[in-house]
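Report on the following structure.
The values are calculated or read from the model by the stated rules, or taken from the named source; none is laboratory data. The structure presented is a predicted model; accordingly, all values stated were derived computationally and were not measured. For neighbour counting, all protein chains shown are included, and Cβ atoms are generated from backbone atoms with ideal geometry for every residue, glycine included. The protein model used for the area step is the full one, side chains on, heavy atoms only, and it has no ligands, DNA or RNA in it. Shrake-Rupley method; radii C 1.70, N 1.55, O 1.52, S 1.80 Å.
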Amino acid sequence: MKFYDKLKPSQKYTFHFLINTGARINEARHVESFDVDLERKRLVLRITKVKAKKKEKHPRPRNIPISSQFTKYLKKNMDSNKILSTPAANIAMKKALQKAGIKDWKMFSIHNIRKTLEVWLMALGVDGLKITAHMGHSMITAAGHYVSPDVFSYEEKNKMRQIIGDLYMR
């Protein structure tokens, strides 16, 4: 929250979108209003990472759930805001982290937002298969690169829920 509070208003949409979807920034930048199903609280990520090891030439879109709170936020803000470019988002992130007094701010990148959501969902007890489908990972990838042994307190888990709302609470 310290980091988020240091962002400029024009930058907040990007980071709010990323933490609430777990999308890669390139996936987020290509989401159009018709990709958002406000009624069913779902989002389609049409431009996704090509899995070279699986010899994919055209990636399959991912349908992911979004929280009720984020659905309302998108309805209100999507048409008037844009996702920052990757370089602009990285610069905004580093400046906000530095202003917030975050130790090792130089070590963070936009991809850390994606990793954060995955770790939070695990900490909140969301089923691993749901998480890997949401993130577009295999269980091996999730275990090898994203899962953290961190133990979170009750207060920290409450803060996570304040940020991501009722995602996977249905």
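Look at the stretch 62-92 and say how many of its residues are assigned to a helix (DSSP H, G or I), of a type outside the set (A, V, I, L, M) and farther than 23 Å from Ile131 by Cβ. Total meeting the criteria: 9. Whenever a residue of the stretch 75-95 is over 17 Å from Lys106 (Cβ atoms), its partners that are open to solvent by less than 50 Å² (accessible area, probe 1.4 Å) and among the hydroxyl-bearing types (Ser, Thr, Tyr), lying with C-beta atoms within less than 7 angstrom and at least six residues away or across chains, give the pairs Asn77/Tyr13; Asn81/Tyr13; Ile83/Thr14; Leu84/Thr14. Would you pick out the residues in the stretch 34-43 that are assigned to a helix (DSSP H, G or I) and open to solvent by less than 70 Å² (accessible area, probe 1.4 Å)? Hit for the stretch 34-43 is Asp35, nothing else. Is there a residue being over 22 Å from Lys130 (Cβ atoms), in a loop (DSSP other than H, G, I, E, B), open to solvent by less than 30 Å² (accessible area, probe 1.4 Å) and out of contact with any strand residue (DSSP E or B) (no Cβ under 9 Å at 6 or more places or on another chain) anywhere in the stretch 7-27? Looking through the stretch 7-27, at least one residue is over 22 Å from Lys130 (Cβ atoms), in a loop (DSSP other than H, G, I, E, B), open to solvent by less than 30 Å² (accessible area, probe 1.4 Å) and out of contact with any strand residue (DSSP E or B) (no Cβ under 9 Å at 6 or more places or on another chain). Among residues that are crowded, with 18+ Cβ neighbours inside 10 Å and either closer than 21 Å to Lys6 by Cα or of a type outside the set (Lys, Arg) (or both), Met122 is included. Here the stretch 131-146 is the region considered, the condition is being surrounded by 13 or more Cβ atoms within 10 Å (Cβ to Cβ) and not small (Gly, Ala, Ser), and the residue that is farthest from Arg62 (Cα to Cα) is Tyr146.
All of (1) exposed (fewer than 14 other Cβ atoms within 10 Å of the Cβ); (2) in a helix (DSSP H, G or I) hold for Lys103 with one exception: (2).
Residue check: Met1 meets all listed conditions (1) open to solvent by 40 Å² or more (accessible area, probe 1.4 Å); (2) closer than 20 Å to His111 by Cα; (3) at pLDDT 95 or above but one, namely (3).
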